[in-house]
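Working notes, beginning with the structure itself.
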Amino acid sequence: MKFVVLLLVVGVSIADFASIKAPRLSPPYCPCMYQADFTCPPPPTDCELTDDYCGCCPVCARQEGQTCGLFSAGCRSGLTCVIPPCTGDFCNIFIGGPPPSGTCEPARTL
């Protein structure tokens, strides 16, 4: 009986540890895609607007130097989201994990 209890305690401890260390791999929840009665809050009036990461509601666009990426609002006009190139260890960290984030930087013209 003590052996079974010990196995149960060890098993629960390992499961708890794994859940703490596991990165969140799923995208953020987008209520407008799943709730028929969803309504957006009033849009901000003191900034340039863009869609939120779900494409549901208007939010303030990201400003120069702010982080951007797959699960964030877009950059304001004249800026683009620059994500660092995938090189060596940097790639290995993100393969199968959360997407890398970038920074809103001035758009370059060719």
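Counting only residues that are of a type outside the set (A, V, I, L, M, F, W, C), farther than 25 Å from F38 by Cα and part of a strand (DSSP E or B), how many does the range 57-85 have?
The number of residues fulfilling the criteria is 2.
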Can you give me the number of residues within the range 22-57 that are at pLDDT 90 or above, more than 16 Å from G69 (Cβ to Cβ) and not hydrophobic (A, V, I, L, M, F, W, C)? 9
For the range 4-21, indicate whether the set of residues that are at pLDDT 80 or above and in a helix (DSSP H, G or I) is non-empty. no
Answer yes or no as to whether A73 is more than 19 Å from the chain's Cα centre (by Cα) and either of a type in the set (A, V, I, L, M) or modelled with pLDDT of 95 or more (or both). no
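The values are calculated or read from the model by the stated rules, or taken from the named source; none is laboratory data. Predicted model only: the values in this text are computed from it and were never measured. Note: ideal-geometry Cβ built from the backbone for every residue, glycine included; neighbour counts use all protein chains shown.
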